[in-house]
Amino acid sequence: MKIIETHAAPNPRRVRIFLAEKGIEVPFEEFELKVENIQSDEMFSLNPMRQVPILQLDDGECISESIAICRYFEALRPEPCLFGQEPLEIARIEMWNRRVELGLFYALMHAFRHLHPRMGAREVPQVPDWGEANKDKALNHLGLLDKQLQDNQYVAGEAYSVADITALVAVDFMAAARIERPADLTHLSRWYEDVSKRPSASA
Ligand SMILES: N[C@@H](CCC(=O)N[C@@H](CS)C(=O)NCC(=O)O)C(=O)O
């Protein structure tokens, strides 16, 4: 098996951090995210959504969507558990992972894709107003996360989970989206320093 990814892109990083936390090694194959590669027939056959990361199994079957890939490895190697064990814990982690993904990560993604000149060829049409609007959405969501982290060590409670991975990758992606992390979000800063220190963060 192998993972087709782009090292500099945020979604593949989610999978790399997840695998590092699990202590699982999978060979990576670099895919250059340029228009001709993304639009190629080969990419369509690997993932009709034309996105990385893609887990390609030994029989050729491809699994895409970062969380689907992570879930596959969680099922193969349940420890350390990153999607929760008890019903309520599983629900909380899912809830926060989805909130961070939809509320923060995708807002940052839209801000980046609709404003960055380099993305003009890949995001068609590029709508700068939509990019600007998403900056505010992302900042609002960061405030929500700060409140959650006031009473919880990690995003979904007292244990590190996949929700922290999504949040860490999203917060680091703010630099690419040219949004500064507000200094007054002190709980977020405490959490950020903590999770950034984990060896997996550099995967
Ligand atoms: N929902 C997908 C999103 C994957 C995604 O957006 N990947 C980006 C890189 S981070 C990509 O391949 N973009 C292709 C492009 O820019 O056209 C996942 O979770 O894996």
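The values are calculated or read from the model by the stated rules, or taken from the named source; none is laboratory data. Keep in mind the model is a prediction, meaning the values are calculated, not measured. All Cβ positions, even for glycine, are placed from backbone atoms using ideal geometry, and neighbour counts span all protein chains on display.
Filtering segment 41-60 to residues that are within 12 Å of the ligand (Cβ to nearest atom) and in a loop (DSSP other than H, G, I, E, B) leaves N47, M49, R50, Q51, V52, P53. Filtering N11, N37 for residues that are within 16 Å of the ligand (Cβ to nearest atom), surrounded by 19 or more Cβ atoms within 10 Å (Cβ to Cβ) and of a type in the set (S, T, N, Q) leaves a single hit, N11. Within segment 74-90, the presence of a residue that is within 27 Å of R122 (Cβ to Cβ), touching a residue at least 12 places away in the same chain (Cβ under 8 Å) and either outside the structural domain of L145 (by TED's automatic domain parsing) or within 12 Å of the ligand (Cβ to nearest atom) (or both) is excluded.
Count, please, the residues in segment 61-77 that happen to be in a loop (DSSP other than H, G, I, E, B) and closer than 15 Å to M1 by Cα.
The total comes to 1.
With respect to N134, is the statement that it is away from the ligand (no atom under 16 Å from the Cβ), modelled with pLDDT of 95 or more and not charged (D, E, K, R) true? Taking the combined requirement at face value, the residue does not satisfy it. Against the list (1) in contact (Cβ under 8 Å) with a residue 60 or more places away in the chain; (2) among the polar types (S, T, N, Q); (3) within 12 Å of the ligand (Cβ to nearest atom), the condition S66 fails is (1). Of the residues that sit in segment 14-34 and are among the acidic types (D, E) and surrounded by fewer than 21 Cβ atoms within 10 Å (Cβ to Cβ), which one is farthest from the ligand (Cβ to nearest atom)? It comes out as E25. Annotation note: Cβ proximity below 7 Å between a residue of segment 36-48 that is aromatic (F, W, Y) and a residue that is part of a loop (DSSP other than H, G, I, E, B) and surrounded by 12 or more Cβ atoms within 10 Å (Cβ to Cβ) (sequence gap 6+ or interchain) occurs for F44/R50. Contact map, segment 5-28: residues that are outside the structural domain of L168 (by TED's automatic domain parsing) and part of a loop (DSSP other than H, G, I, E, B) paired with residues that are within 12 Å of the ligand (Cβ to nearest atom) and β-branched (V, I, T), Cβ distance under 8 Å, separation 6+ or inter-chain. Pairs shown: T6/V52; A9/V52; V26/I3; P27/I3. Within this structure, F112 fails the test of being surrounded by 19 or more Cβ atoms within 10 Å (Cβ to Cβ), within 20 Å of L145 (Cα to Cα), within 15 Å of the ligand (Cβ to nearest atom) and under 18 Å from the mean Cα position of the chain (by Cα). Per the listing R50, R71, R98, R77, the residue uniquely surrounded by 11 or more Cβ atoms within 10 Å (Cβ to Cβ) and on the phi > 0 side of the Ramachandran plot is R50.
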